[in-house]
Structure formats: C-alpha cells, structure tokens
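Colleague: Before we start, here is the structure in question, set down as structure tokens.
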C-alpha cells in the first residue's frame with residue numbers, strides 16, 4: 001500500500017492536523033530563515049535613513065559653520081603657518097631691528113617642541129640697543145601678523161656712549177609657532 005492509499009484511508013481530522021503541521025513548519029521556516037533576517041536589515045536601514053535625514057536637516061547650518069571655520073582657519077594660518085618659516089622670520093625681524101637703530105648680534109633657532117596640534121620653535125636672540133629702541137623693537141614685533149612671543153629677556157653690560165645714549169646687551173628668547181602636518 002502506497003502513501004496515497006494510506007493518506008486516503010486516514011480520517012479527515014488526521015489529514016487536517018497533518019496539513020496544519022505542514023503549513024506551520026513551512027511558515028515557521030520562512031519566518032525564521034527569511035523574515036527575521038530581512039526584518040533586522042529593514043530596521044537597520046530605517047535607523048540609518050533616519051540618521052541621514054537628521055544630517056540632511058542639519059546640513060545648511062553645518063555648511064555655515066564649516067565656512068566660518070574655514071575663514072577662522074585661514075586667519076589663524078597667517079599667525080600660525082604650516083611650516084617653520086625661519087628665513088622669512090629672520091628677514092622681518094632684521095628689518096624691524098635695522099629700522100630702530102639696533103644691532104643684531106646673534107639669532108639661534110633651537111629644536112622645535114611638539115604640542116598637541118602645533119610646534120613651538122624657540123629662538124635665542126641677542127641685540128645691542130638703547131632701552132627705548134629695544135622697547136620699540138618689541139612693540140613692532142608684537143604687531144607682526146605672525147604669532148611671535150618674546151620671553152626671558154635680560155639686560156647686561158650697560159655702555160655709556162654719551163650723556164643721552166646708553167647701549168645695553170639684551171638677550172631674549174622668542175617663540176614662534178607652526179601647525180603640525
């Protein structure tokens with residue numbers, strides 16, 4: 001006796017139970033192997049879409065902030081360039097010093113000191129000048145577009161030239177800054 005004859009001889013309720021079990025097994029397999037995975041992917045994609053729509057809504061304000069940040073960066077870049085620029089700095093400093101009747105005795109760059117996003121380049125400088133002209137040099141240096149800081153200056157060996165002029169040996173450390181690349 002074959003499967004078809006055995007199936008035909010079964011009572012109707014048994015046939016119905018077998019049919020329901022088969023439908024549940026096929027439906028359960030479909031749900032487990034296809035629908036759950038697809039549902040997870042749909043939820044993940046929906047979350048990503050929501051996140052992207054949020055950024056899309058914020059995009060105009062982010063563009064404005066980006067342009068503002070670019071403008072600020074360009075302004076800071078003038079004060080804080082991307083490289084040392086010691087030769088051009090020496091030329092500017094020499095021009096300032098010569099214009100104030102001051103003699104540059106030494107200009108000694110030191111090793112750069114690394115900070116988080118920039119370097120500090122220390123420079124030891126020695127000049128011979130009157131007190132007033134030294135102050136004028138420092139004032140002009142403070143007006144440079146490039147960030148240039150003067151610290152640790154010392155005045156030694158006063159030399160009287162005449163009753164109105166006393167020359168001083170002035171040593172100071174200067175710091176210039178530049179971005180890390």
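The values are calculated or read from the model by the stated rules, or taken from the named source; none is laboratory data. Every value quoted in this text rests on a predicted model; they were computed, and no experiment measured them. Here the Cβ positions follow ideal geometry from the backbone for every residue, glycine too, while neighbour counts run over all protein chains shown.
Colleague: With the structure loaded, tell me whether residue 14 is surrounded by 11 or more Cβ atoms within 10 Å (Cβ to Cβ), touching a strand residue (DSSP E or B) at 6+ places or on another chain (Cβ under 7 Å) and assigned to a helix (DSSP H, G or I) or whether it fails that test. Break it down into steps so the answer makes sense when it comes.
Modeller: On the way: surrounded by 11 or more Cβ atoms within 10 Å (Cβ to Cβ): yes; touching a strand residue (DSSP E or B) at 6+ places or on another chain (Cβ under 7 Å): no; assigned to a helix (DSSP H, G or I): yes.
Here the answer is no, as residue 14 does not meet what is asked.
Colleague: Okay, moving on. Going by the conditions given, is residue 127 in contact (Cβ under 8 Å) with a residue 12 or more places away in the chain, buried (at least 17 other Cβ atoms within 10 Å of the Cβ) and either in contact with a helix residue (DSSP H, G or I) (Cβ under 7 Å, 6 or more places away or on another chain) or at positive phi (or both)?
Modeller: Judged against the criteria, residue 127 is a match.
Colleague: Looking at residue 67 and the list (1) free of Cβ contacts under 8 Å to residues at least 60 places away in the same chain; (2) out of contact with any helix residue (DSSP H, G or I) (no Cβ under 8 Å at 6 or more places or on another chain); (3) within 25 Å of residue 169 (Cβ to Cβ), which single condition is not satisfied?
Modeller: Result: residue 67 fails condition (3) only.
Colleague: Next question, about the same structure. I'd like to check something: does the stretch 29-49 contain any residue that is at pLDDT 85 or above and within 29 Å of the chain's Cα centre (by Cα)?
Modeller: yes
Colleague: Do we have any residue at all in the stretch 170-179 that's more than 23 Å from residue 75 (Cα to Cα), over 34 Å from the mean Cα position of the chain (by Cα) and surrounded by 11 or more Cβ atoms within 10 Å (Cβ to Cβ)? Steps first, please.
Modeller: Residues of the stretch 170-179 more than 23 Å from residue 75 (Cα to Cα): 170-173.
The next check asks that each one be over 34 Å from the mean Cα position of the chain (by Cα); those that pass are 170-171.
From what is left, the residues that are surrounded by 11 or more Cβ atoms within 10 Å (Cβ to Cβ) are 170-171.
There is at least one residue in the stretch 170-179 that is more than 23 Å from residue 75 (Cα to Cα), over 34 Å from the mean Cα position of the chain (by Cα) and surrounded by 11 or more Cβ atoms within 10 Å (Cβ to Cβ).
Colleague: Within the stretch 135-167, how many residues turn out to be in contact with a strand residue (DSSP E or B) (Cβ under 9 Å, 6 or more places away or on another chain) and within 21 Å of residue 109 (Cβ to Cβ)?
Modeller: Residues in the stretch 135-167 being in contact with a strand residue (DSSP E or B) (Cβ under 9 Å, 6 or more places away or on another chain) and within 21 Å of residue 109 (Cβ to Cβ): 13 in total.
Colleague: With the structure loaded, tell me whether residue 115 is in the same structural domain as residue 174 (by TED's automatic domain parsing) and under 18 Å from residue 172 (Cβ atoms) or whether it fails that test. Spell out how you get there, then give the answer.
Modeller: Working: in the same structural domain as residue 174 (by TED's automatic domain parsing): yes; under 18 Å from residue 172 (Cβ atoms): no.
No, not satisfied.
Colleague: Continuing with the same structure: Among the numbered criteria (1) modelled with pLDDT of 80 or more; (2) part of a helix (DSSP H, G or I), which single criterion is violated by residue 74?
Modeller: Unmet condition: (1).
Colleague: Return a yes/no flag: does the stretch 115-124 have any residue that is touching a residue at least 12 places away in the same chain (Cβ under 8 Å), over 23 Å from the mean Cα position of the chain (by Cα) and either in a loop (DSSP other than H, G, I, E, B) or surrounded by fewer than 15 Cβ atoms within 10 Å (Cβ to Cβ) (or both).
Modeller: So far as the stretch 115-124 goes, yes, one or more of its residues are touching a residue at least 12 places away in the same chain (Cβ under 8 Å), over 23 Å from the mean Cα position of the chain (by Cα) and either in a loop (DSSP other than H, G, I, E, B) or surrounded by fewer than 15 Cβ atoms within 10 Å (Cβ to Cβ) (or both).
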